[in-house]
Amino acid sequence: MMIAKKAIPRRTLLRGLGATLALPLLDSMVPAMTALARTPAKAINRFGVVYVPNGMIMPSWTPTAEGAGFEITPTLAPLAPFREQLLVLSGLNCIPSPGRPGGAHAKATTRFLTDVSPPTSETELDAGISMDQIVARELGKYTQLASLELAIESGDTAGACDQGFACAYTNTISWRTANTPLPTQNNPRAVFERLFGDSGSTDPRVRLARMQRERSLLDSVTEEVAQLRGALGAGDGAKLSEYLDSIRDVERRIQKAEEQSDQQLPVIGNPAGIPSTFDEHVKLMFDLEVLAYQSDLTRVITFMMGREFSGVTYPQIGVPDAHHPMSHHQNEPEKVAKVARINLYHVTLFGYLLDKLRATPDGDGSLLDHMTMVYGAGMADSNAHSPLNIPIVVAGGGAGRLKGGRHIRYKDLPLANLHLSLLDKLDVPWDRIGDSTGRLDDQQLAGV
């Protein structure tokens, strides 16, 4: 067997003026002797979370049948194409521990990944390290960024917070330590520059010089890209072209959003770089998320579709009413239908992310094959602020460690037990998190 091309390092970076471009996994990055032995390199298992606010209309979400024969419910309908890589989990609870009364929304957000009810202290922010950050501590050893915390709403201008609770408890689901909530980023331009800006310089003049000299970040690495192409085979060349086209498309859309922001008055609440429509904003952030995974800049990303108490309206789907007030529907059919429409809309956008992950090659599969993705809310019935049987879906193949196509119903187990189980599958073993009482049945999750 002839080996015409030399293997190139997995962490190859292309550098330009004010830009650093990481590459996706190419065949040329697999060591030559590994290819000879026909032993595939170990797949990278990435972790992601998509959080949706203000609960769920559970009858439209929860399948009645268990196992592989479960029905696709109205809210889950957009995920039907991904059924075989979907685990719908019922019976997991996120019950607040005794402590300061009230704060249902603050506790729902914070407990979603920490499994700890805030606050345990009356003098400072206090929750618990979140599950994503436990993963980031380990997987971050291999990437440029330990994690990314993304959102659609700005924490600075998000409006009301839960009475008697600091806004940090509703503005993020990620806690680096028990006392350190991580801020989210909702501006695509800021995320783009964090991913592809030159990490060797913090001088804004460097980035400005590059932007004035070249219209695109990719223009600054053109020479290095040309040299790299000469060392790649046809298959890798095609992968590289698709990857660069994706980056250029995202950058173009960010630039377009900035141009439109400059033209629109007033611009309050619509910072430069943020698209004017909810759809485009979410999809742009999801595209950035896929690029971050594809280039292995990070393996841990959390995304908040909205924050608890969100007052976002959705006239584009016929719901001009603010989300949070509408979620207290008092079982009025018209209001219930509107909240269900919002739930469906959010799931549809999540389907866009799964489709992008499935369409992105990664080693011997796709990014979705090598992904453990959690989608859900911190409460079930929003009208009752119910922490029982919260809506949870786990999507992706988990690098061969998860088998989808099933609805698994548990009986009153803490959500924390799922977190422990997923930590195991991400090769980050952990003894206990929050109110965990053990792990979920590993054979069930793996479909053994």
In whole Hz, with x marking every Gly and Pro, tabulate ³J(HN,Hα) for the range 133-145 from phi via Karplus 6.51 cos²θ - 1.76 cosθ + 1.60, θ = phi - 60°.
6, 4, 5, 4, 4, 8, 5, x, 5, 10, 10, 5, 10
For the range 337-388, Rg(Cα) over 2.2 N^0.38 Å is 1.52
Violations at 25 Å Cα threshold for listed pairs Lys141/Lys411; Lys42/Lys356; Lys42/Lys403; Lys107/Lys403; Lys141/Lys425; Lys42/Lys141 -> Lys141/Lys411; Lys107/Lys403
Could you tally the net charge around Gln443, taking each other residue with its Cβ under 14 Å from the Cβ of Gln443, Lys/Arg +1 and Asp/Glu -1?
+2
Would you give the gap between the C-alpha center of the range 99-152 and the C-alpha center of the range 406-447, rounded to a whole Å?
18
Whole-Å distance, taken between Cα centres, linking the range 376-397 and the range 68-82:
16
Could you derive backbone 3J(HN,Hα) for the range 175-188 from the dihedral phi with the Karplus parameters 6.51, -1.76 and 1.60 (θ = phi - 60°), listing whole Hz in sequence and x where the residue is Gly or Pro?
10, 5, 9, 4, 10, 10, x, 9, x, 9, 10, 10, 9, x
Once amide H atoms are placed 1.01 Å from N in the peptide plane, what residues at a sequence separation of 5 or more from Ser174, or on another chain, have their amide H within under 5 Å of its amide H?
Leu182
Hey, what do the phi angles of the range 81-93 turn into as Karplus ³J(HN,Hα) couplings, whole Hz, using 6.51/-1.76/1.60 and θ = phi - 60°, x for Gly and Pro?
x, 10, 3, 6, 10, 10, 10, 8, 10, 10, x, 9, 10
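Every number here is computed from the coordinates shown, using simple stated rules; none is lab data. Given the structure is predicted, the values throughout are model-derived calculations rather than measurements. Cβ: placed from backbone, ideal geometry, glycine included. Neighbour counts: every protein chain shown.
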